[in-house]
Amino acid sequence: MGFIFSKAMNDSLKGQQEFMRLQLERQLVLQNLMRERQAAMQIASTREFLKYFGTFFGLSAVVLTAGAMKKKNPAFLMPIVPLGFVFAYNCDIGYGTLLQRVKDVFIPALLRAFCTLQLFPTMLLRLHV
């Protein structure tokens, strides 16, 4: 009788473990999907912002250049420099490879941090023994 009960419990535990494994896999798939959607939303938002900011930057550049030529004062061109950096940054996010370059730096750093955290408790155990 004990053998039958123990076999039923083992089968039940195996089924529960399989269910939990499938549930974890589904959760990971959904998390990856949400992360991809967030990245796509960020890129789309940046591209939309770039349309308006590009128009503003272009008009500002034309107006400031005309003002600098009319007043014969090159100081009118100074606002173009920081606006150009903001425009270039947003172009790189929306149409360039900035997000991929950030991932290329972030993922190895994250893995190093994870390995450090994983090794830290074992190092402490070695010190206390």
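The values are calculated or read from the model by the stated rules, or taken from the named source; none is laboratory data. Remember, it's a predicted structure, so these values are computed and weren't measured experimentally. Reconstructed Cβ throughout: ideal geometry from the backbone, glycine too, with neighbour counts over all protein chains shown. Ligands, DNA and RNA are stripped out before the accessible areas are found, and what is left, the full protein with its side chains, is counted by its heavy atoms. Shrake-Rupley method; radii C 1.70, N 1.55, O 1.52, S 1.80 Å.
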query: Within the group F56, F114, which residue is open to solvent by 40 Å² or more (accessible area, probe 1.4 Å) and modelled with pLDDT under 95?
result: F114
statement: I80 passes all but one of the listed conditions (1) at pLDDT 95 or above; (2) surrounded by fewer than 10 Cβ atoms within 10 Å (Cβ to Cβ); the exception is number (2)
